[in-house]
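Report on the following structure.
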Amino acid sequence: MRIVLLGAPGVGKGTVAALLSQKYGLPHISTGDIFKEEIRKASPMGLRVKAIVESGALVPDSVVNDLMKDRLSRTDVRSGFILDGYPRTVEQAKAMDSFATPELALNFSASRRTIIERLSGRRVCPKCGAIYHVSNNPPKKKGICNGCNEKLITRKDDEPAVISNRLDVYDRVTRPLIDYYRSRGLLAEINSDCPIGKIDRIIEQCVKALSRVGNNG
């Protein structure tokens, strides 16, 4: 199964993708994780991506397309993949169709208020990268990483003003993807506007949608 996950930042794509990856035995490929690794290494691409991400804008199509074409050519995706964060524009989707056409696009949706609450409450360990949330997944000691005892931070792109800008960018640039995949009969709507503790409700919707792919296969 070749699955694409759509939705604004904070709708829960990453959390759901990890669970679906485990359930179906497919690699979860996150462009965000790939970019973070490049940023961590301070590579030329990483430095360029860091400046763009911290402003709340999107990485240029040409950079992302080349990166993903390389990633989706590897042997671990022969049986399929769960793709989180790509494509983000219709142009990227058309480019992807030339090297890894998806079988289904799951479109996650949640209210703007829910998204801002989720993202602005996120805290990250600058040393080990562990992610917490002030209400949904707090550390044992307030503000301190459970694993390495480092003080947690709020990433710049999780600050409310930047989140708002990211959502505006999504509405302007990424939403046309919904129409693109709907017109091709590949879109399935997933309501993710529920508490994180009710993740099973979201997974049930995804499994039902993915059964279409299995039945068509």
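Side notes on the structure shown:
- Of the residues screened, VAL4 is one that is farther than 23 Å from ARG122 by Cα and crowded, with 18+ Cβ neighbours inside 10 Å.
- Filter result for ARG88 (modelled with pLDDT of 85 or more, closer than 26 Å to LEU152 by Cα, among the basic types (Lys, Arg) and not in a helix (DSSP H, G or I)): no
- Some residue of the stretch 89-100 being among the acidic types (Asp, Glu) and either out of contact with any strand residue (DSSP E or B) (no Cβ under 8 Å at 6 or more places or on another chain) or farther than 26 Å from CYS128 by Cα (or both): yes
- Selected residue [closer than 26 Å to ILE190 by Cα, touching a His at 6+ places or on another chain (Cβ under 6 Å) and in contact (Cβ under 8 Å) with a residue 12 or more places away in the chain] from ILE115, ILE82: ILE82
- Residue pairs whose Cβ atoms lie under 8 Å apart, separated by 6 or more positions or on different chains, with the first residue in the stretch 183-202 and farther than 18 Å from ARG2 by Cβ and hydrophobic (A, V, I, L, M, F, W, C) and the second in a loop (DSSP other than H, G, I, E, B) and at pLDDT below 95, are ILE196/GLY12; ILE196/ASN136; ILE199/GLY12; ILE202/GLY12; ILE202/SER192; ILE202/CYS194.
- Residue selected from the stretch 40-57 under the condition outside any loop (DSSP other than H, G, I, E, B) and exposed (fewer than 12 other Cβ atoms within 10 Å of the Cβ), by the criterion farthest from the chain's Cα centre (by Cα): PRO44
The values are calculated or read from the model by the stated rules, or taken from the named source; none is laboratory data. On a predicted model such as this, the values are computed, not experimentally measured, just so you know. Backbone-built Cβ (ideal geometry, glycine too); neighbour counts: all protein chains shown.
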